[in-house]
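Derivation of every value follows stated rules applied to the coordinates shown; laboratory data play no part. It should be emphasised that the depicted structure is a prediction, and the values quoted were computed from it without experimental measurement. Every residue, glycine as well, gets a Cβ built from its backbone with ideal geometry; the counts of neighbours run over all protein chains shown.
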Amino acid sequence: MKNQGKSSLGRMIIGKYGNLIGLVVLIALTTILTNGMFFTQRNLINVLRQVSVNGILAVGMTLVIITGGIDLSVGSVVALTGIIAALLQPQGTVAAIALTMVAGAVIGGCNGFFVTKFRIPSFIITLGMMTIARGLALVFSKGEAISGLNDNFLAISESYISPFISLTVFGFICFLAVFIYFKERKSSGYERKLITFNFIGVLNILFIAAAAAVLVWLIGFRGMPAGVAVFLGIAFLGAYTLNQTRFGRYVYAIGGNEEASRLSGINVKAVKLLVFLIMGVLAAVSGMVLAARLNSGVPTSGVMFELDAIASVVIGGTSLSGGYGSVGGSIIGAFIIGTLNNGMQLLHIDPFYQEIAKGVIIIGAVLMDRKKK
Amino acid sequence: MENPVILETKNITKDFPGVRALDSVSFQLKKGEVLGLVGENGAGKSTLMKIFSGAYPANTYDGEISIEGKRCIFNSPKDSQKAGIAIIYQELNLIPELTVAENIFLAREPTVGKTGVIDRKKLFIQTKDLLDRINIPISSQEQIKNLSIGKQQMVEIAKALSYNAKILILDEPTSALTEQEVEVLLKMIDSLRARGVSMIYISHKLDEIFKITDSVTVMRDGKTVSSRRTPELGRQEMVALMVGRNIEDMYPKKEAGISDVILEVRGLFVDHPFLAGEKVVKDVSFKVRRGEIVGISGLMGSGRSELVTSIFGAFPAHSSGEIYIGGKRVKISCPHEAINYGLGLVTEDRKLFGLVLGMEVGENITLSCLEKLSWHQIIIRRREGELVNKYMSALRVKARSSETVVNTLSGGNQQKVVIAKWLATNPKVLLLDEPTRGVDVAAKAEIYQLMTNLAGEGIGIVMVSSDLPEVVSMSDRILIMHEGSMVKELQKNEATQEKIMFYATGGK
């Protein structure tokens with residue numbers, strides 16, 4: 001027992017923080033290799049904006065994968081909803097945004113309906129939907145990019161929220177998070193006497209504080225890019241939903257043991273359907289952020305986005321067999337992929353090699369995950 | 001005409017953590033005989049069979065096995081197979097998409113020279129020879145999925161014999177067969193005996209034991225308590241040998257104030273999960289009163305579990321019948337509705353159906369009652385924590401904390417978590433399916449105490465159990481099922497283990 005203590009503490013840290021430590025090392029390495037070019041306000045904001053599109057998808061994908069499913073259609077849905085949003089521009093920005101989200105909900109709802117009603121594996125249904133959505137994007141756009149979006153639509157990605165407002169909102173959210181965290185600790189009703197637990201608690205706070213500090217520094221530059229704010233808001237909501245709501249609890253339970261969940265009185269079909277529907281809505285949001293950034297709806301955009309989202313979730317430690325995982329992990333996963341992409345661009349590494357490197361990282365992350373179990 | 005001994009064990013002792021599964025078992029099988037092996041669930045039959053099959057390697061138990069006088073050491077199923085032992089399990093191990101021939105010669109198909117290409121002609125001819133030799137009327141080219149369970153079993157037997165098995169062990173071979181198929185199987189066993197194959201026939205169905213076996217060995221609590229020629233043994237005596245143990249005072253059953261009927265079931269039918277048109281529960285009706293513990297006894301496969309699970313609304317499309325709760329007719333079409341009507345179901349297999357093993361103790365306890373712990377969708381942690389603590393201490397769940405992952409708990413504590421989950425829903429009726437299976441003695445006693453307390457609080461309890469002492473001691477009334485029908489109701493004062501076994505095995 002005694003000599004186990006040390007190694008199990010090490011393993012615990014690696015197990016819980018492996019991906020986070022990986023991200024920190026990756027950032028440090030990239031910064032060194034680029035002579036500090038990576039770690040500048042301008043570039044980091046760029047990274048944040050690049051991560052946002054994938055990050056929004058990764059939040060939804062986390063829910064889907066925790067229930068034991070998968071959604072391969074999101075990349076195509078990003079393109080399709082981008083087109084829909086572009087076509088709806090004449091109806092006004094608010095209508096365009098609302099209707100595009102409805103479209104995403106319908107597509108996600110379809111996925112969920114077929115998965116739950118006919119008990120077809122989500123892999124198959126969403127594979128079909130991937131092709132259908134891509135086809136629809138090409139049909140609606142006649143194969144051409146649709147440009148000329150409203151200025152206030154572009155604002156959802158391109159505008160900056162002023163530093164003052166950003167910092168106020170950010171501070172408020174931090175306060176709320178700390179409040180919930182401590183309230184939960186207190187009410188769980190037992191003391192954590194073990195040093196290891198305290199140690200991990202300290203690490204937790206350290207990491208979060210560092211991330212917050214970097215964010216504040218970046219906001220100080222020009223304010224918060226709107227697209228990034230959308231992403232962070234969705235991430236916060238996703239994490240909150242998974243951890244604090246009944247729906248979130250059921251998502252974990254279904255992924256862990258669907259039959260036991262059903263016999264415990266959970267409406268398994270409704271929860272699964274809702275998860276796919278949420279994924280559809282988030283894909284639509286991601287599609288609009290991307291369209292705003294590109295200033296056009298592009299029918300060929302979003303290719304392989306589903307794989308980046310899945311990779312983020314998996315790197316973040318969520319189990320592909322369901323029942324286990326977190327939004328926080330997926331966001332770290334999204335940042336690992338984003339940092340990798342950006343770093344390799346800065347280093348002028350051939351894009352072909354970038355693909356290879358990304359693949360190696362994904363496999364490596366999963367191997368590490370296996371080992372820890 | 002005493003035959004020589006073919007398989008013999010001396011003083012086999014096998015321990016599991018905390019339990020002695022086999023206690024110096026000595027056992028003999030004679031050449032060319034069919035030996036019936038009987039005993040209650042948990043008597044040690046399957047453990048002994050796993051030792052014969054090599055599933056438990058020789059270094060994990062004490063004692064020796066010999067075949068035809070020669071000492072054998074089985075370190076793997078392969079060793080046992082080489083020594084001439086073959087086991088036909090309850091669950092068949094055939095590949096449905098392949099043909100009979102391909103299944104029988106799986107992994108040792110005749111090939112054309114050394115090319116690795118299967119010589120299909122030779123394969124089918126060899127199979128046909130084999131099947132003809134033992135009179136099995138099945139085409140060697142038929143796909144397994146097109147065969148009935150009975151025929152599939154014959155293919156398994158043929159496969160075993162193709163390995164030149166001298167000793168055939170049949171584990172509950174008739175549990176999934178229709179009556180005609182049983183007849184055919186028994187005939188086949190007869191003809192195999194005539195060919196000199198020695199067989200161990202494990203079954204709960206005493207009729208079959210009397211019909212087919214030459215001798216009977218009775219196991220109880222990990223020991224062989226009797227080995228005799230079948231004709232020398234009466235049915236009553238055999239049952240007495242199977243259950244004969246003293247009931248210690250671990251059963252705190254007290255007379256609770258039994259009052260009005262809380263649950264009534266009328267004319268319940270449940271479809272067989274695989275066989276179209278067949279029913280696993282046939283026209284069952286019964287009543288449960290407040291404060292009453294109703295025991296449901298019967299053999300495995302008698303429809304006990306299906307009965308309680310269908311009351312709980314687990315398979316609404318496959319059951320029919322009327323359910324009344326507190327005198328009112330209700331329609332339960334999913335577990336969620338059952339919970340709202342005040343039912344709770346502790347399932348037989350807690351790992352598959354009772355718990356989310358990867359989740360924390362607390363999360364499992366509150367899974368069925370989160371609605372009342374939440375403000376709209378948001379779980380109120382304080383309320384959840386209080387409730388979890390309350391039930392963890394009330395049931396004395398031994399876990400480091402409520403955040404311990406349930407998977408790491410012992411069987412008894414896992415079972416307490418399942419029970420806690422249902423108590424947290426404030427049920428009016430608790431359906432308990434094998435509430436103490438795989439639970440150690442201490443936790444068992446605690447669960448019995450809890451059941452007594454709950455009955456005292458006016459909850460109606462239905463307890464399905466194969467553990468006869470438990471049924472006899474804990475129930476106010478015992479309903480006995482046999483092949484899907486409720487065949488007998490015994491009051492507490494007239495119930496004995498022997499009587500239950502008698503009716504459960506089809507006695508009239």
Using modelled amide H (1.01 Å from N, peptide plane; none on Pro or chain starts), what sits under 5 Å from the amide H of B:Met219, excluding residues fewer than 5 places away?
B:Val38, B:Gly39, B:Val225
Could you tell me which helices of chain B pass both thresholds, a Cα extent of 15 Å or more along their own axis and a mean Kyte-Doolittle hydropathy of at least 0.0, with helices taken as whole DSSP H runs?
B:149-162, B:179-194, B:441-456
For a quick check: with amide H placed at 1.01 Å from N, whose amide H comes under 5 Å from B:Gln90's, ignoring anything fewer than 5 positions away on the same chain?
B:Asp171
Evaluate E = 1/(1 + (r/R0)^6) for A:Asn35 and A:Ile124, where r is the Cβ-Cβ distance and R0 equals 51 Å; express this FRET efficiency to the nearest 0.05.
0.60
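Roughly how big is the protein assembly as shown's charge dipole about its Cα centre, with Cβ charges of +1 (Lys, Arg) and -1 (Asp, Glu), in debye to the nearest 20? Kindly include the intermediate steps, with their values, before the conclusion.
Numbers: 92 positive and 76 negative charges, 305 e Å.
Using Cβ point charges on Lys, Arg, Asp and Glu, the protein assembly as shown gives about 1460 debye.
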Mind giving me the FRET efficiency for A:Gln354 and B:Asp15? R0 is 41 Å, r the Cβ-Cβ distance, nearest 0.05 is fine.
0.10
Once the Cα gyration tensor of chain A is diagonalised, semi-axes √(5λ) in Å:
32, 27, 21
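Average the reciprocal distances over every distinct pair of alpha-carbons in chain B, invert the result, and give the Kirkwood radius in Å. Could the numbers behind the result be given before it?
Details: mean 1/r = 0.0400 Å⁻¹.
Its Kirkwood hydrodynamic radius stands at 25.0 Å.
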What ³J(HN,Hα) values, in whole Hz, does the Karplus curve 6.51 cos²θ - 1.76 cosθ + 1.60 give for the stretch B:275-289 when θ = phi - 60°, with x put for Gly and Pro?
8, 5, x, 7, 10, 8, 10, 10, 6, 9, 9, 6, 10, 10, 9
Loop-only check: which GluC sites (Glu not before Pro) in the stretch B:177-260 are DSSP coil with at most 12 other Cβ within 10 angstrom?
B:Glu248, B:Glu255
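Could you put A:Leu167, B:Leu367 in order, starting from the residue whose Cβ has the fewest other Cβ atoms within 10 Å?
By the 10 Å Cβ count, ascending: A:Leu167, B:Leu367.
How high is the FRET efficiency between B:Lys31 and B:Glu232 when r is their beta carbon distance and R₀ equals 22 Å, given to the nearest 0.05? Kindly include the intermediate steps, with their values, before the conclusion.
Details: r = 20 Å, r/R0 = 0.92.
Rounded to the nearest 0.05, the efficiency is 0.65.
How shielded is B:334-345 by partner chains, expressed as the average number of their Cβ atoms within 10 Å of its Cβ atoms? Walk me through the numbers on the way to the answer.
Numbers: counts 7, 8, 7, 1, 2, 3, 1, 0, 0, 1, 2, 3.
Rounded to a whole number, the mean comes out at 3.
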Ellipticity estimate at 222 nm from DSSP helix runs (n ≥ 4, -39,500 (n - 2.57)) divided over chain A, nearest 500:
-27000 deg cm²/dmol
With the Cα gyration tensor of the stretch B:5-243 in hand, convert its eigenvalues to equivalent ellipsoid semi-axes via √(5λ) and list them largest first in whole Å.
32, 21, 15
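Give me the inter-chain shielding for B:397-403: mean count of other chain Cβ atoms within 10 Å, whole number please.
On the way: counts 0, 0, 0, 2, 5, 3, 4.
Counting Cβ atoms of other protein chains within 10 Å of each residue's Cβ and averaging gives 2.
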If I require 18 Å or longer along the helix axis, counting alpha carbons, and a Kyte-Doolittle average no lower than 0.0, what helices from chain A are left? Use full DSSP H segments.
A:4-33, A:41-66, A:74-87, A:93-117, A:122-141, A:163-187, A:195-222, A:226-244, A:268-294, A:327-346, A:351-372
I'd like the mean, over residues of B:442-448, of how many other protein chain beta carbons sit within 10 Å of each residue's own Cβ.
0
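Please work out whether the stretch B:316-449 counts as rounded, prolate or oblate from its C-alpha gyration tensor, where a ≥ b ≥ c are the square roots of the eigenvalues and a/c under 1.5 means rounded, while otherwise a/b larger than b/c means prolate and anything else oblate?
Details: a/c = 1.91, a/b = 1.27, b/c = 1.50.
Taking the square roots of the gyration eigenvalues as a ≥ b ≥ c, the stretch B:316-449 is oblate.
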Decide, for the stretch A:90-190, between rounded, prolate and oblate: order the square roots of the alpha carbon gyration tensor eigenvalues as a ≥ b ≥ c, take rounded if a/c falls under 1.5, and otherwise choose prolate if a/b is larger than b/c, else oblate.
oblate
Would you mind estimating how fast the protein assembly as shown diffuses translationally, via Stokes-Einstein at 10 °C and 1.306 mPa s with the Kirkwood radius over Cα pairs, in µm²/s?
50
Please give the length that would be gained between B:Val225 and B:Met300 if that part of the chain were fully extended, namely 0.36 nm times their separation in residues minus their C-alpha to C-alpha distance (nm, one decimal).
24.8 nm
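I'd like the antiparallel share, as a percent to the nearest 5, of DSSP beta bridges with both residues in chain B. Write down the numbers at each step before the final one.
Values: 49 of 84 bridges.
That works out to approximately 60 percent antiparallel.
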Within the set of other residues whose C-beta is less than 15 Å from the C-beta of A:Thr40, count the net charge using Lys and Arg as +1 and Asp and Glu as -1.
+3
Label points 7 Å out from Cα along the Cβ direction at B:Thr404 and B:Asn340: separation in nm?
3.6
In nanometres, what is the gap between the two model label sites at A:Ile205 and B:Glu278, each 7 Å from Cα along Cα-to-Cβ?
6.4
Which order do peptides B:28-37, B:64-73 fall in by mean Cβ count within 10 Å, highest first?
B:28-37, B:64-73
What distance in nm separates the two pseudo spin-label positions at A:Val169 and A:Asp151, each 7 Å out from Cα along the beta-carbon direction?
2.1
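Which of rounded, prolate, oblate describes the stretch B:349-426, given a ≥ b ≥ c as roots of the alpha-carbon gyration tensor eigenvalues and a/c under 1.5 marking rounded, otherwise prolate only if a/b is larger than b/c?
Details: a/c = 1.74, a/b = 1.52, b/c = 1.14.
In terms of gyration-tensor shape, prolate.
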